[in-house]
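The values are calculated or read from the model by the stated rules, or taken from the named source; none is laboratory data. As the structure is a computational prediction, the values presented were derived from the model and not from experiment. We place every Cβ from the backbone using ideal geometry, glycine too, and count neighbours over all the protein chains shown.
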Amino acid sequence: MITGGLAKMSEHYIARVTTKGQVTVPLELRKSLNIKEGDYILFEKKGSRVEIRKMIPFNDFEEFARPIRERFQKEGITPRDVEEAINWARRGVK
């Protein structure tokens, strides 16, 4: 089904890019992600793919940090591992 330049295929959506590089986020996605006018969207390039997420306000650090904390726990990354990685990276910067 294609309506208004958008096509829905299960949980996949297609939108046309305008001459200004703008894309309309489909209404169903805006509702499900609670995206409102003035919100910021994060575009993350992953190889040849792009992930789009609603940005979490910086004042809600707990929610911002949750996925990072969960990934660290899942992969067994400790605070010491993070500190060692930072120190390693700093040694490479001159």
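Residues in segment 53-79 that are outside any helix (DSSP H, G or I) and free of Cβ contacts under 8 Å to residues at least 12 places away in the same chain were compared, and the one that is nearest to the chain's Cα centre (by Cα) is 56.
Residues of segment 70-85 that are of a type outside the set (D, E, K, R) and exposed (fewer than 10 other Cβ atoms within 10 Å of the Cβ): 76, 79.
With the requirement that a residue be assigned to a helix (DSSP H, G or I), among the hydrophobic types (A, V, I, L, M, F, W, C) and more than 14 Å from the chain's Cα centre (by Cα), what does segment 23-48 give you? Correct list: 27 only. Among the residues of segment 55-69, is any at pLDDT 90 or above, surrounded by 10 or more Cβ atoms within 10 Å (Cβ to Cβ) and of a type in the set (Phe, Trp, Tyr)? Checking segment 55-69: not a single residue is at pLDDT 90 or above, surrounded by 10 or more Cβ atoms within 10 Å (Cβ to Cβ) and of a type in the set (Phe, Trp, Tyr).
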